[in-house]
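As C-alpha cells, the structure follows; a few thoughts come after it.
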Amino acid sequence: MKDFVIFDMEWNMGYQPKIFQYQGIDQTLRGEIIQIGAVKLENGRVADRFSINLKPHIFPKLHHHVAKVTGLTQADLDVGIPIQEGLRRFMEWCGPDAVLGEWGLDDVPVLKQNMVLNGLSEEWPQQWYDIQRIFTSQKPRKEGEGMTLEAVVERLGIPKNEAFHDALSDAEYTAAICGFLNLEQGLQEYPSEEQQLHDLLCPAEKDRRDFTIWRGIVDGEVWTTSQELRQAVCPECGQPLQLDSEDIWLRKGNNCLYSMGQCSSHGPVMIWLRRMRLDGLRYTFARVTEPADQTLQAKWKKEKQAAIERARRKKEHEAAEALERVRNAGR
Ligand SMILES: [Zn+2]
C-alpha cells in the first residue's frame, strides 16, 4: 500500500462572508486554514507527524466561535506561519503523489479553496478518502450511535488523552480508528464520484436508465439553464423528450432537480439531474431517465401543482409587500 496521510485542519471564519472568483464564477470561501495536523501511515503504523499553525490574511481576526471550539488564541494565529508558506510545506511533507484520508468530507474542499486563493495548484491532492465512510461501511451504524470523531473514538474505547478539535490530535485519533478497519479493503472498495452518483440515482428497485455524466463544471447553477443537461432522450427510442410546457423543474434537497418529459411514441418519462462537488471547486452532474408509470405520473402532477401554488403565493406576498412599501413611502 502507498503511503497514506491522515490529516485534519481547523479553519477561521469571517464575520462577513468572503466571495472570490474561480474561473469567473463566484464562490463562497468555506474557511481560511489556521491549523494543519497530519500523520503518515506506513504499514498501518504512524511513521511521521506534521503540525503547523498558520497566520490567516483573509480572516485575520480569530472568530470567537472558532476560538471556543479549537482553543486557539489570536496570539497563536499572529505568530503562525504565513498561509501560503504553510500550505507549501504541508504539500512537500505529503509528497506529490500522496493519498490523503480525512474524517468526513469537509477538509479537502477547504484545502482546495485555500490552495487556489494562495496561487497554488488546486490539482493537489488528487486522491483522498473519507475514513468516516469506510468506517460506516465496515462497522454499520446502530440506532442512536453518533458519527462524530469523538463519538466513534469513545465507542471503540480509544484513550482520550488529547483534546479534540486540535488538528494533530484529530489526525491521530483518525489514524487510531484506522487500526480497527481493514483499510486496504476500504480503499479498494471506495466508490468513485461517478459510482457514488450512480448509486444515488439508480437504486436497484427503480427503473432508471441512460446514466450520463458531466465533469469539471464550475457553475453549480448551470442545470437551470443548460439545454445539454436538460435535454434528455427517450430511453426506449432515443428521440429527444419534449420538456414540460411550463418548464417546471422541482428540487429535491440541495443537489437534485427533476422534471417530466414526453416521448410522442412512449409517453411520459421522468428526468432526474443530480450534482456533487467533492473538491469544493467543481461539480460533477449526472442525469438519468425513468419511464413514468401511473403512480409516478400522479405524484409528479401533484408536486407540480403544489410548486405552482407556492410560486403564486410567493408572488402575491411580494406584490403585497411592494404595495405596503409604496404606501409607507407616501406617508
Ligand atoms: Zn420513445
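Derivation of every value follows stated rules applied to the coordinates shown; laboratory data play no part. Owing to the predicted nature of the structure, the values given are computational and were not obtained by experimental measurement. Cβ sites come from the backbone with ideal geometry, for glycine too, and all protein chains shown count toward neighbours.
Taking other C-beta atoms within 10 angstrom as a stand-in for reagent exposure, 225, 174, 284 fall in the order 225, 284, 174, fewest first.
Quick note on region 147-199: its Rg to Rh ratio, both from C-alpha atoms and Rh being the Kirkwood radius, is 1.09. Cross-link partners of residue 68 among lysines, defined as those whose alpha carbon lies under 21 angstrom from its own and excluding same-chain residues fewer than eight positions apart: 55, 160. Here the chain has an Rg and Dmax of 24.1, 77 Å, counting Cα atoms alone. Straight-line reach from residue 315: which aspartates and glutamates fall under 16 Å, measuring Cα to Cα and dropping same-chain residues less than 8 apart? Partners found: 324.
Against the compact-protein benchmark of 2.2 N^0.38 Å, the Cα-based radius of gyration of region 4-189 scales to 1.03. Taking a ≥ b ≥ c as the square roots of the Cα gyration tensor eigenvalues, region 180-318 comes out prolate, since a/c reaches at least 1.5 and a/b is larger than b/c. With a Förster radius of 25 Å applied to the C-beta separation of residue 21 and residue 182, the computed FRET efficiency comes to 0.05.
Within region 191-216, list the residues whose amide N lies under 16 Å from a label point set 7 Å along Cα→Cβ of residue 127. Within reach of a label on residue 127, which here means backbone N under 16 Å from a point 7 Å along Cα→Cβ, region 191-216 contributes 191-194.
Under a 5 Å amide H cut-off, with hydrogens placed 1.01 Å from N, residue 33 pairs with 12 among residues at least 5 apart or on other chains.
Our coupling estimate for region 211-224, obtained by passing each phi through the Karplus curve with A = 6.51, B = -1.76, C = 1.60 and θ = phi - 60°, is 4, 10, 10, 10, 10, x, 8, 7, 7, x, 9, 4, 6, 7 Hz, Gly and Pro reported as x.
Spacing of the modelled spin labels on residue 64 and residue 308, each 7 Å from Cα toward Cβ, amounts to 5.0 nm. Charge tally for residue 105 (other residues, Cβ to Cβ under 11 Å; Lys, Arg +1; Asp, Glu -1): -3. FRET efficiency for the residue 327 to residue 81 pair, using the beta carbon distance and R₀ = 56 Å, is estimated at 0.45. Taking amide H as placed 1.01 Å from N in the peptide plane, the amide H of residue 241 sits under 5 Å from that of 232, 233, 234, each at least 5 places away or on another chain. Sequentially through region 34-45, phi angles give Karplus couplings (6.51, -1.76, 1.60; θ = phi - 60°) of 10, 7, 10, x, 7, 10, 9, 9, 10, 6, x, 10 Hz, Gly and Pro residues having no value and appearing as x. Over the chain, DSSP H runs of length four or greater, each weighted -39,500 (n - 2.57), average out per residue to a 222 nm ellipticity of -11000 deg cm²/dmol. Sequence-ordered 3J(HN,Hα) estimates for region 70-75 from the Karplus curve with 6.51, -1.76 and 1.60 and θ = phi - 60° stand at 8, x, 6, 10, 4, 5 Hz, glycine and proline given as x. Take every Cα pair under 8 Å whose residues are at least 6 apart in sequence, average their separation, divide by the length of region 265-331, and the relative contact order is 24 percent. Of the GluC sites (Glu not before Pro) found in region 198-262, those in coil by DSSP whose Cβ has at most 13 other Cβ atoms within 10 Å are 205, 221, 246.
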